[in-house]
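The values are calculated or read from the model by the stated rules, or taken from the named source; none is laboratory data. Since this is a predicted model, take the numbers as computed values, not measurements. These accessible areas exclude ligands, DNA and RNA; they are computed on the full protein's heavy atoms, side chains included. Shrake-Rupley method; radii C 1.70, N 1.55, O 1.52, S 1.80 Å.
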Amino acid sequence: MEKMLCMIVFGALAIASLAQDASAQTVHVVGDNTGWVIPSNGAAAYTNWADRKTFRVGDTLVFNFTTNQHDVLQVQKSSFDGCNSQNAVGSPILAGPANITLNSTGDHYYICTFGRHCLNGQKLAIRVSSSTSTPGANPPTSSAAGPSGSVPGGTDAGPSGSVPGGTAPPPPSSSTTVLASFMLSLSAIALAAFL
């Protein structure tokens, strides 16, 4: 009986630990309260925003914008630099807000394709690292990035779970974290009572 209780407690701890790890991804609201708009200070607004963030595989970018006024499109570096959609990775997401799960490491580039929005600074470049390393926030400048249109490390993966013309699935809810914390607490109490 004691052995069985011990196995249950440690099993619950293992499940709680896994649930905690699965929900540890970060949701990044692009531009914070400003959202995904034409920034008043040009591209520096999103560059400065990204410099303060750490992006990892599994994180979610949330682009808050008004449908029919903006969109978001992942592109290769050459299109990012030239503000065009010729080297698109996937299709534009036309309905806001757009949730994009980061599913690969490397440099990721996003633009708005409406009018001159990108030329006026509505573009975002980020570097995504694996969930276990400590990354830099922004990709290298164009002079250090290699051939035009290339992405260091050869990763050109598009947004995970995105539907052309639609949005990706919503980010994970915090209820998973609450459940994991509850299970961990319950397991600790049971273990303390057992010992």
Long-range amide H partners of Val128 with built H, under 5 Å: Gly106, Asp107, His108
From most to least accessible, 1.4 Å probe, no ligand or DNA/RNA atoms counted, Cys118, Cys83 line up as Cys83, Cys118
Out of residues 5 or more away from Val29 or on other chains, whose amide H comes under 5 Å of its own, with H placed 1.01 Å from N in the peptide plane? Val62
Convex hull volume of the Cα atoms in the range 25-126, per residue, in Å³? 90
Provide the per residue accessible area, probe 1.4 Å, for the range 25-126, rounded to a whole number of square angstrom. 41
5 angstrom amide H check on Val75, placed H, neighbours 5+ away: Val89, Tyr109, Tyr110, Ile111
Among DSSP beta bridges lying fully in the range 25-126, give the percent that are antiparallel, nearest 5. 75
